[in-house]
Amino acid sequence: MSLFKARDWWSTTVGENEEFDQGCMCVSDVDNSGSGQDKIILGSHSGFLRIFSPHPLKTADGGQAEDLLLEVQMRDPILQVEVGKFVSGTELIHLAILHPRKLCVYSVSGTLGNVEHGNQYQIKLMYEHNLQRTACNMIYGPFGGVKGRDLICIQSMDGMLMFFEQESYAFGRYLPGFLLPGPLSYSPRTDSFVTVSSCQQVESYKYQVLAVATDANSRKETEQQMIGAGKRLVADWILNIGEQALDICVVSFNQTAFSILILGERNFFCLKENGQIRFMKKLDYSPSCFLPYCSVNDGTINSLVGNHNNMLLVYQDVTLKWAAQLPHIPVALRVASFQDLKGVIVTLSGSGQLQCSYLGTDPSLFQAPKVESRDINYEELDVEMKELQRIIKESSKTQDILPRFDKEDDLTLVATVSSELDSVSQSFDSEVESENIPSLTVKFCVGTRLNVQKSVLSISIPPPLAVTQDKFIFDSLEAGITKTASISVFLKGNCPPADLEGSAVISYSMPTGVPRVLQCRFRLPLKLVCFPVQPSKAANHKLTIDTNKPPVNLINLFPDFVDQTQDDQLSVLGFQLLAGRKVTLLASKTSQRYRIQSEQFEDLWLVTKELILRFEDYFRKQGVKDFTCSFSGPVPLQEYFELIDQHFGLRLDAEKYDSLLSERAVQFRAIQRLLLTRFKDKTPAPLQNLDTLLDGTYRQVTGIADAAEECQRKLFRGFTRLKSATQLIVLLIGLWQKLSKDQVAILEATFLPLHKDNQELGWEESVDAAVSHLLRTCLSKSSKEQALNLTSQLSIPKDTSRLKKHITLLCDRLTKGGRLSLSADSGSQQAIVMPGLPLTTPVLQNNA
């Protein structure tokens, strides 16, 4: 784009709180002065008519008072102003003003005064037409080849073209298939009218065809005439451009081929007189208006195009020749001549900013002063250089680029989770089949020690949980003032969540411009996704957790799930998951063992995790530091493998649906091509049931698409259940083998490498590659296994037998003494970075 701006020659702001569009401005010698100097005629939607005669600016304060020749307020809004030969018996030009329900033609005249500001201009009504229908736009021209006068055609909002032969009404015609009005233009060469319909088609109608068509006073009568006798209104030619048009211009300059120019929402079209495309320009911006004008080169057309980026672009056919910046978004463009200055560009914005400008640059009158010759004082330069070096060194030390680890951060973010559920649930669009879906309020407090501009707070929670609002924007944070934001969390999906931990991240910029990010985590209570019920003795899946401390009363562990009026000793609790099965917790009265049981294996995870967390919190408050939990085994791998097979089966089903949908789409497009070929043929052949086949294929495509969507929903629920079961298996392996936190972190990165499952990279192949890496590094038995190379390309496997074999082998080698550790002495081994794993390779520690 050009760096040059449109040079302001004259500008002013018209009215206050008024609106304008592309029909509200025209340029002409409206008072028939014969001086060759144009005037600018403006009409606003507020009903004000103004006529300007611009003069060069004497001051920088805007237009002069004498530049406004006339200002009149009409009773009705002004939709469009045009200047032409609208009065019979004379060839002088007059002003036509289109109101929603009226067309008025005025003569503009001026009376010279004794001084410059004494000139008086006035308008006189010549005639008017009251319209029976609401008008949209109008055009004028020598319709039917008349000489020395202009006729007017008005397009109504309901699709009627009303023709006026100056003072008399001629006839009206309805456009066929009309829905919404579009731009309208007249071609004198072909004596036809060109418009763009709501079907995104360019349509041309001959004036002769319009004149001889049967008249109708309503659309209903027109439809009856199409069925019965009478002349039908048929378009001369139709061209589908595939988008709505902003404006149409018909040009026929000297040495230039006759053309129809159409400015669309995304493209710029040039058509021949028969509707064929001469050229087309794809626009990479949103245009607002355009104006063609005569080119200096033969056979080419120059066009001015304004866009919503405040740019004025000059095209020669499809080639961009110049670009200039405007101070506003233009809605109307004209080229005028003022005071022997030809080619002035007149632009009008939607809010009334009127400017006359020209393209190019102003010459620079600056001359560099002569350099005074003087002796250089090297001692002063040396002192100045040392001072500058000291300033640079201090600024580089204190520059706020790298993160600082101060005791007190510049900005603090604290999340507070409410201890009680909301009295009125804030849940919406939930898939859970329950009468009451609880919600919980989480409050975030943001404080700062300095002023921060434009900070964004984003909240993320694991699905299928949802929040009422996940983003907050703070325009400004003042030092010492705390801003708060509150959200409500509820269960939206129809399955238990795999985690109850959420995170909040606030991003902001320091006063120096350095971006910063601050994060805090919060844990949601268990009662958000379950409620207490009567315990059940029967269950298909059971787990037993051992502790090294005396038994704890369940009332002390789960006071929010127990009625305080019950007995002091409680050994059994029941939990009903909102989107799952019932889970029962039993505590032994004599031993230090606790049993968790349920009808679904994955539903054990949330209660088991909550039990261990509450154990740790309880004994921490008691001052006990050596509390541990253990699991005697064996790890329930068979139940876990069933969930893996279910998830893998859903992935295969999704892949089959995608393949089947692709095949049916290819078939649907092939049938469409055949039908299109038949319809375009001048002598069409029988369809041979192709329409029936097309309808059947369409029904198959929609049915398969619905089934694919349902499969994706099942796949999401299956992956969530698999994540719950996977976290339970990792927890049990850690308790079973008494693994440290670092070793458990390695297992979590191995078994949970993905936060989201998809067809390109699925859970099975990712976990298989990670487990294989552990088996050939830290859990390998020989150097031969370490020499095996993993494939660098992951793809969906044929089945899950290899994955289940590797998981079983991993548990077996952990049982035999294999341990995971992060050691820096493994430089001889090949370091392979797995998703979610640290950059250090785990190595074997043999306890034997």
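Structure values in brief
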| quantity | calculated |
| --- | --- |
| Qualifying residue in segment 724-741 (condition: of a type outside the set (A, V, I, L, M, F, W, C) and farther than 22 Å from G633 by Cβ) | no |
| Test: residue in segment 120-135 that is among the β-branched types (V, I, T), on the phi < 0 side of the Ramachandran plot and open to solvent by less than 40 Å² (accessible area, probe 1.4 Å) | no |
| Qualifying residues in segment 580-602 (those that are of a type in the set (G, A, S) and part of a strand (DSSP E or B)) - the one nearest to N548 (Cα to Cα) | A587 |
| Test: residue in segment 274-289 that is more than 26 Å from S349 (Cβ to Cβ) and touching a residue at least 60 places away in the same chain (Cβ under 8 Å) | yes |
| Test: residue in segment 603-610 that is part of a helix (DSSP H, G or I) and open to solvent by 30 Å² or more (accessible area, probe 1.4 Å) | yes |
| Yes/no for K454 being farther than 19 Å from S418 by Cα, open to solvent by 30 Å² or more (accessible area, probe 1.4 Å) and at pLDDT 90 or above | no |
| Single condition T584 does not satisfy, out of (1) at pLDDT 90 or above; (2) open to solvent by less than 70 Å² (accessible area, probe 1.4 Å); (3) under 34 Å from the mean Cα position of the chain (by Cα) | (3) |
| Those residues of segment 381-419 which are at pLDDT 90 or above, open to solvent by 90 Å² or more (accessible area, probe 1.4 Å) and of a type in the set (D, E), in sequence order | E384 |
| Hits in segment 176-190 - residues which are at pLDDT 90 or above and touching a Phe, Trp or Tyr at 6+ places or on another chain (Cβ under 8 Å) | L184, S185, Y186, S187 |
| Some residue of segment 431-438 being open to solvent by less than 80 Å² (accessible area, probe 1.4 Å), touching a Pro at 6+ places or on another chain (Cβ under 9 Å) and at pLDDT 90 or above | no |
| Qualifying residue in segment 558-568 (condition: under 47 Å from the mean Cα position of the chain (by Cα) and assigned to a loop (DSSP other than H, G, I, E, B)) | yes |
| Residues of segment 247-288 satisfying the condition of being acidic (D, E) and within 16 Å of N309 (Cα to Cα) | E265, D284 |
| Of all residues making up segment 28-48, the number that are surrounded by fewer than 20 Cβ atoms within 10 Å (Cβ to Cβ) and aliphatic (A, V, I, L, M) | 0 |
| Residue check for G144: in contact with a helix residue (DSSP H, G or I) (Cβ under 9 Å, 6 or more places away or on another chain) and open to solvent by 40 Å² or more (accessible area, probe 1.4 Å) | yes |
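The values are calculated or read from the model by the stated rules, or taken from the named source; none is laboratory data. As the structure is a prediction and not an experimental result, all values here were calculated from the model. All Cβ positions, even for glycine, are placed from backbone atoms using ideal geometry, and neighbour counts span all protein chains on display. Heads up: the accessible areas ignore ligands, DNA and RNA and are worked out on the full protein's heavy atoms, side chains in. Shrake-Rupley method; radii C 1.70, N 1.55, O 1.52, S 1.80 Å.
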